[in-house]
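Engineer: I am attaching a structure below and will ask some questions about it afterwards.
The values are calculated or read from the model by the stated rules, or taken from the named source; none is laboratory data. Predicted model, so just to flag it, every value in this text is computed and none were measured. Here the Cβ is made from the backbone with ideal geometry for all residues, glycine too, and neighbour counts use every protein chain on show.
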Amino acid sequence: MKKKILRVVPILIVLAWMGVIFYFSHQNGNSSSRMSNTVTRWIVNTFVPNYSSLTNSEQADILKNTSFVIRKLAHYSEYAILGFFLFSAVYVFTDNEKILIPVVSLLGILYAISDEFHQSFIGGRSPAPRDVVIDSIGVLTAVLILGIFLNIKRMRKKKVEI
């Protein structure tokens, strides 16, 4: 019974995180822009020295230039987190890298594609192939990092056995 629960929990975490991504993607264009602008302003106010003393024009330029980067970093980050959760969920069923890495990568990329397709039905939003690429790179980064840790764990285990 305990083993079944340990297998279900990571799957529930993946589904919850997919729900978070879906929620963000389901926001219409105005809501999404408002949230992005709020986050961008906070980041800029935190990390740009003397931002508040700049002219309105200078502030607007900084916000315009950083907004795109922050939005794309958000895409990358939310999918890197998804990649981590997917890896954990699939890992409880197999640690065979020949299965684990392709399955996790494929699931993450397919969800990125479905997420962009979903946005084609939301007012003020549209699917962007570039976002699928950024999302996929986020998933693949997590898979790569966790794959490296898995290999390190195996090498240490082999040393202990010798």
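Engineer: Filter the stretch 84-131 for residues that are charged (D, E, K, R), outside any helix (DSSP H, G or I) and touching a helix residue (DSSP H, G or I) at 6+ places or on another chain (Cβ under 6 Å) and give the result.
Structural biologist: Selection gives ARG125 alone.
Engineer: What are the residues in the stretch 85-106 that are within 16 Å of the chain's Cα centre (by Cα) and touching a residue at least 24 places away in the same chain (Cβ under 8 Å), if any? Outline the logic, then answer.
Structural biologist: We begin by selecting, within the stretch 85-106, every residue within 16 Å of the chain's Cα centre (by Cα); these are 85-89, 104-106.
If the condition is that a residue be within 16 Å of the chain's Cα centre (by Cα) and touching a residue at least 24 places away in the same chain (Cβ under 8 Å), then PHE85, LEU86, PHE87, SER88, ALA89, VAL104, SER105 are the ones that fit.
Engineer: Of the residues ASP131, ASP95, ASP135, ASP115, which single one is among the charged types (D, E, K, R) and surrounded by fewer than 18 Cβ atoms within 10 Å (Cβ to Cβ)?
Structural biologist: Result of the check over ASP131, ASP95, ASP135, ASP115: ASP95.
Engineer: Additional query: Can you tell me how many residues within the stretch 107-141 are touching a residue at least 24 places away in the same chain (Cβ under 8 Å) and either of a type in the set (S, T, N, Q) or at positive phi (or both)?
Structural biologist: Number satisfying all stated conditions: 4.
Engineer: Can you tell me which residue is farthest from SER88 (Cα to Cα) among those in the stretch 1-34 that are part of a helix (DSSP H, G or I) and touching a Gly at 6+ places or on another chain (Cβ under 9 Å)?
Structural biologist: ASN30
Engineer: Then there's this: Please tell me if LEU140 is modelled with pLDDT of 95 or more, closer than 18 Å to VAL14 by Cβ and not charged (D, E, K, R). Full working, then the answer.
Structural biologist: Working: modelled with pLDDT of 95 or more: yes; closer than 18 Å to VAL14 by Cβ: yes; not charged (D, E, K, R): yes.
The answer is yes for LEU140.
Engineer: Another question about this same structure. Any residue in the stretch 59-68 that is acidic (Asp, Glu), surrounded by 11 or more Cβ atoms within 10 Å (Cβ to Cβ) and outside any helix (DSSP H, G or I)?
Structural biologist: No, the stretch 59-68 contains no residue that is acidic (Asp, Glu), surrounded by 11 or more Cβ atoms within 10 Å (Cβ to Cβ) and outside any helix (DSSP H, G or I).
Engineer: Have a look at LEU100, LEU54, LEU73, LEU12 and point out the one that is among the hydrophobic types (A, V, I, L, M, F, W, C) and within 21 Å of ILE134 (Cβ to Cβ).
Structural biologist: LEU73
Engineer: Listed residues SER77, SER126, SER114; which is at pLDDT below 95 and small (Gly, Ala, Ser)?
Structural biologist: Matching residue, one of SER77, SER126, SER114: SER126.
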